[in-house]
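J.: Below you will find the structure I want to go over with you.
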Amino acid sequence: MRFDVLTIFPDMFSAYLRDGIAGRAVKRGLLDVRLVNIRDFARGAHKTTDDRPYGGGDGMVMRPGPISRALGSIERNSRGSLVILLTPQGETFNQSIAWDISSLEQVILVCGRYEGVDERIRLLFVDREISIGDYVLSGGELAAMVIMDSVCRLIPGTLGGEKSSFEDSFQDSLLEYPHYTRPRVFEGLEVPEILLSGDHARIRGWRRKEALKRTFERRPDLLAKAKLDDEDLRILEQIRSQTPACPPEAEADC
Ligand code: SAM
């Protein structure tokens, strides 16, 4: 899978693309990331990529010319490519969008800076607008890395067989079960006995129950979309019946 990233700060990506899962995916040729420096497409002695906003006001706006020329320089995959603008005004990124993107062969990410990019870039070239959450970053680079990182985990082979992304939170619309490693007792807290039993069927059952319990307690909204079998529904019913309708500490407000 290939990402072309348009940015005025390509160096921000070097550590990310060198280390960890993404670094390994790049080395193995599973992930191809091409950084396109928008400044290389700016004209004039100062190579400026931004200008003052028409209508006045604070801040600067990214000029359309350099971005449009940078986009034009990208070699497009004949089977299609998608241009994504990173913006706090886009649809909120989630695991399901990550899966959508992972099925594509080429994705072009446009990172804004300052007050954002000239509106005509959005109107002329952008296929999809994505936000990574309801907060404002100083630039799209971190958002681009968030998207590349979550998508890269879904490309077959990137996790190197040591872990499957299919058990991660949000697969199946459930949060993942809790994890433990050595030592067996830490600060007086013991690893649940069942995880030491070697009984894989019971361990699977325990993990499923913990995943259901976590999701019920923390993100009950996800359960409506989860694929649950009869046994899951029975477990959820049991969890529900053990959960006080009104927690003791909030009784006065109920
Ligand atoms: N003035 C813009 C607004 O209020 O909608 C915010 C511009 S922000 C300071 C600069 C750039 O950071 C944006 O163009 C976008 O590329 C990126 N950015 C900021 N917050 C983001 C978010 N939540 N998700 C994705 N990109 C974001």
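J.: Which residues, taken from the range 208-254, are modelled with pLDDT of 95 or more, open to solvent by less than 40 Å² (accessible area, probe 1.4 Å) and not in a helix (DSSP H, G or I)?
T.: Ala226, the sole residue that qualifies.
J.: While we're looking at this one, here's another question. Here are Leu71, Leu6, Leu35: which of them is at pLDDT 95 or above, assigned by TED's automatic domain parsing to the domain that holds Val126 and either touching a Cys at 6+ places or on another chain (Cβ under 9 Å) or part of a loop (DSSP other than H, G, I, E, B) (or both)?
T.: Within the list Leu71, Leu6, Leu35, the selection yields Leu6.
J.: Let me ask another. What is the one condition in (1) more than 15 Å from the ligand (Cβ to nearest atom); (2) open to solvent by less than 50 Å² (accessible area, probe 1.4 Å); (3) within 19 Å of the chain's Cα centre (by Cα) that Gly20 does not satisfy?
T.: (2)
J.: Would you mind stating whether Asp172 is in contact with a strand residue (DSSP E or B) (Cβ under 7 Å, 6 or more places away or on another chain) and open to solvent by 70 Å² or more (accessible area, probe 1.4 Å)?
T.: no
J.: Now, a different point. Identify all residues within the range 184-207 that are open to solvent by less than 70 Å² (accessible area, probe 1.4 Å) and either assigned to a helix (DSSP H, G or I) or on the phi < 0 side of the Ramachandran plot (or both); write none if there are none.
T.: Selection gives Val191, Pro192, Ile194, Leu195, Ser197, Asp199, Ala201, Ile203, Gly205, Trp206.
J.: Only one of Asp127, Asp149 is more than 15 Å from the ligand (Cβ to nearest atom), acidic (Asp, Glu) and surrounded by fewer than 19 Cβ atoms within 10 Å (Cβ to Cβ); which?
T.: Asp127
J.: Within the set of pairs 6+ apart or on separate chains, which have a first residue in the range 119-141 that is under 11 Å from Pro88 (Cα atoms), a second that is away from the ligand (no atom under 11 Å from the Cβ) and of a type in the set (Val, Ile, Thr), and C-beta atoms under 8 Å apart?
T.: Close Cβ pairs (under 8 Å, with a partner that is away from the ligand (no atom under 11 Å from the Cβ) and of a type in the set (Val, Ile, Thr)) amount to Ile130/Ile97.
J.: Quick check: anything in the range 28-41 without any contact (Cβ under 8 Å) to a residue 40 or more places away in the chain and under 18 Å from the mean Cα position of the chain (by Cα)?
T.: yes
J.: How about the range 105-123: which of its residues are of a type outside the set (A, V, I, L, M) and either more than 7 Å from the ligand (Cβ to nearest atom) or surrounded by 23 or more Cβ atoms within 10 Å (Cβ to Cβ) (or both)?
T.: Glu105, Gln106, Cys111, Gly112, Asp118, Glu119, Arg120, Arg122
J.: Now a separate question. Mind checking which residues of the range 158-196 are more than 23 Å from Ala226 (Cα to Cα) and in contact with a helix residue (DSSP H, G or I) (Cβ under 8 Å, 6 or more places away or on another chain)?
T.: Selection gives Thr158, Leu159, Gly160, Tyr180, Arg184, Pro192, Ile194, Leu195.
J.: In the range 59-99, how many residues are open to solvent by 30 Å² or more (accessible area, probe 1.4 Å) and near the ligand (Cβ under 10 Å from one of its atoms)?
T.: Residues that pass the stated criteria total 6.
The values are calculated or read from the model by the stated rules, or taken from the named source; none is laboratory data. Computed from a prediction, not measured in an experiment: that's the story for all the values here. No Cβ is skipped: glycine too gets one built from the backbone with ideal geometry, and neighbour counts run over all protein chains shown. Accessible surface is based on the protein model in full, side chains and every heavy atom, while ligands, DNA and RNA are left aside. Shrake-Rupley method; radii C 1.70, N 1.55, O 1.52, S 1.80 Å.
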